[in-house]
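Have a look at the structure below, then the notes.
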Amino acid sequence: MASILHFMALTFHYLTSLPEHLIEPIEWLPEFLKEALIDSLNLVPLLFIIFVLLEVLEHYFAKKKHLVVFWMKKIGPLFGSLFASLPQCGFSVIASTLYVRRILSRGTILAVYLATSDEAIPVIMAEPSKGYLILPIILVKVFVAIIVGYLVDLFVGYQANDPLPLHKENECHHEHEHEGCDCNHHPKKLREAIRTKGFWWHPTKHTINIFIFILIVSVILGYLMEVVGTEENLAKYCLMNSPLQPLLVSLLGLIPNCAVSVAMTLLFLKNTISFGSLIAGLSTAGGLGLLILFTKNNDKKDTAIVLTILVGVSTIVGLILQYNVFGINKIFSIFGLDL
């Protein structure tokens, strides 16, 4: 067993060091482009492993959709926020689909959006030295999601109805995420799923997509760094320490594309946006679930209320963290996070 682990460690080290050996000798490439390529390619092996594990997670929960609906109706925001905090794709889409049919309450859907981490967690997990950031991000988002969810249901409620029959039990809720989804994405047994092309294709596709997003953002940031000179100068251009930054980042998070959460995470890791702004942006980043809300919710006033509360809460939380209101940032020292 020890020899197998040693071999796996050597293989992983070789794969992560390979990009540098291949790219560094290319003299005609600009230095910022070399760094972007090396940093992005180094993340690929770990990203793929993470997405394979998430595929297993999705497969497990896909067979329990009826339990998801049952428990979300019973404990609403609590269950919705805890479930949404898992870095799996599709849950905000499922929750939004249930909400526009009034199976879930307004507080529950807001809890789901606020707690959803989209692609931020896998991106951070792909950089082990930044792993200490994951727990505080999840805890802040889940805590805010639960509180806001129950307060909204109490004071601004749009309560869930009795469960309506779903159009098709096998209706694929991933149609907005995976083009060409044939609804065989989740076979009955995990052992059977591993033998299918779809099981391996989706993590591969996801890894490629995130790699492209990371590479594009890294190239842009690298070029900007070369132009402006230092990270501090770039942070000034991005309104670091300005009260406008959490608001602008929270509005950016509304774009229903996982590239946005990747970009925000990389900006934070490059010390270009504050931790408060990162939380603000990730709290509004409901992913493709927001697209369902925009396009399928016939009550446009309700959509406006949900989005207003979402942006308002996210911005306020971002400002509280950015300006250390009530000395709240002392809590994060437990996680080794100096804000």
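The values are calculated or read from the model by the stated rules, or taken from the named source; none is laboratory data. Bear in mind the structure is a predicted one, so any value in this text is a computation, not a measurement. Backbone-built Cβ (ideal geometry, glycine too); neighbour counts: all protein chains shown.
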Exercise. Name the helices (runs of 4 or more DSSP H) wholly within the range 76-145 that hold at least 1 residues that are surrounded by fewer than 24 Cβ atoms within 10 Å (Cβ to Cβ) and either at positive phi or touching a Lys or Arg at 6+ places or on another chain (Cβ under 9 Å) (or both)?
Worked result: 91-100, 120-125
Exercise. What number of residues in the range 25-48 are more than 26 Å from the chain's Cα centre (by Cα) and of a type in the set (Val, Ile, Thr)?
Worked result: 1
Exercise. Under 7 Å by Cβ, and 6 or more places apart or on different chains, what pairs join a residue from the range 132-157 that is closer than 25 Å to residue 122 by Cα with one that is of a type in the set (Ser, Thr, Tyr) and in a helix (DSSP H, G or I)?
Worked result: 141/283; 142/81; 144/283; 145/81; 146/81
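Table: residues versus (1) modelled with pLDDT of 80 or more; (2) β-branched (Val, Ile, Thr); (3) touching a strand residue (DSSP E or B) at 6+ places or on another chain (Cβ under 9 Å).
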{"residue": "81", "(1), (2), (3)": "yes, no, no"}
{"residue": "86", "(1), (2), (3)": "no, no, no"}
{"residue": "96", "(1), (2), (3)": "yes, no, no"}
{"residue": "101", "(1), (2), (3)": "no, no, no"}
{"residue": "104", "(1), (2), (3)": "yes, no, no"}
{"residue": "116", "(1), (2), (3)": "yes, yes, no"}
For this session: Would you mind telling me which numbered condition in (1) free of Cβ contacts under 8 Å to residues at least 24 places away in the same chain; (2) within 26 Å of residue 103 (Cβ to Cβ) residue 227 fails?
Result: (2)
Exercise. Within the range 277-324, can you find the residues that are in a helix (DSSP H, G or I) and polar (S, T, N, Q)?
Worked result: 277, 283, 284, 295, 303, 308, 314, 315, 322
For this session: Go through 237, 323 for me and flag whichever is in contact (Cβ under 8 Å) with a residue 24 or more places away in the chain, of a type outside the set (D, E, K, R) and either surrounded by fewer than 18 Cβ atoms within 10 Å (Cβ to Cβ) or more than 25 Å from residue 85 (Cβ to Cβ) (or both).
Result: 323
For this session: Could you check how many residues of the range 293-320 are loosely packed, with under 14 Cβ neighbours inside 10 Å and touching a residue at least 40 places away in the same chain (Cβ under 8 Å)?
Result: 2
For this session: Check the range 259-274 and report whether any residue there is touching a helix residue (DSSP H, G or I) at 6+ places or on another chain (Cβ under 8 Å), buried (at least 22 other Cβ atoms within 10 Å of the Cβ) and more than 22 Å from residue 213 (Cβ to Cβ).
Result: no
